[in-house]
């Protein structure tokens, strides 16, 4: 169990404190929903959580197998619904790996990403499109539409 304490600061901004470490995260409402867009929005954090979870769980699997994933990046596009209720309806994640990831380990890394805790915690109506890019051109795409 981890405790996170959040305070509404006014002006649609919040401050969340991670109790174990004391690290502070500040949020703002997005510009298209009456905020200033000066910080991550709550749904931006959802998208960022997915990216961080992909990279962290793949990193754990890679380290267990002696694979160097340092420098791997994940870009996430967050798509919001235009109807009501307002929600994230699609996430597109592109993971770019450095050179040197063994061919025979790529499927394991993809499987680990697809089963990361954040991915498994997302609402089934969210369409998740995961793309893995390798410098040698052997790319992988996994499109999951939960319904």
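The table for this structure:
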item: 1 or more residues within 20 Å of residue 48 (Cβ to Cβ) and in contact (Cβ under 8 Å) with a residue 60 or more places away in the chain: qualifying strands (runs of 3 or more DSSP E) within the stretch 60-133; result: 127-133
item: Enumeration of residues in the stretch 108-147 that are at pLDDT below 70 and out of contact with any helix residue (DSSP H, G or I) (no Cβ under 8 Å at 6 or more places or on another chain); result: 139, 141, 143, 145, 146, 147
item: Lone qualifier among 106, 75, 39 - being closer than 30 Å to residue 8 by Cβ and in contact with a strand residue (DSSP E or B) (Cβ under 8 Å, 6 or more places away or on another chain); result: 39
item: Scope the stretch 1-40; condition in a strand (DSSP E or B), under 22 Å from the mean Cα position of the chain (by Cα) and farther than 23 Å from residue 76 by Cβ; matching residues; result: 5, 15, 17
item: Residue check for residue 56: free of Cβ contacts under 8 Å to residues at least 24 places away in the same chain and either in the same structural domain as residue 132 (by TED's automatic domain parsing) or outside any helix (DSSP H, G or I) (or both); result: no
item: In the stretch 91-113, the residues that are under 16 Å from the mean Cα position of the chain (by Cα) and exposed (fewer than 15 other Cβ atoms within 10 Å of the Cβ); result: 111
item: Any hit, the stretch 81-90, residues being within 11 Å of the chain's Cα centre (by Cα) and at pLDDT 95 or above; result: no
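The values are calculated or read from the model by the stated rules, or taken from the named source; none is laboratory data. From a predicted model like this one, the values you see are computed outputs, not experimental measurements. Counting neighbours? That spans all protein chains shown, and the Cβs are built from the backbone with ideal geometry, glycine included.
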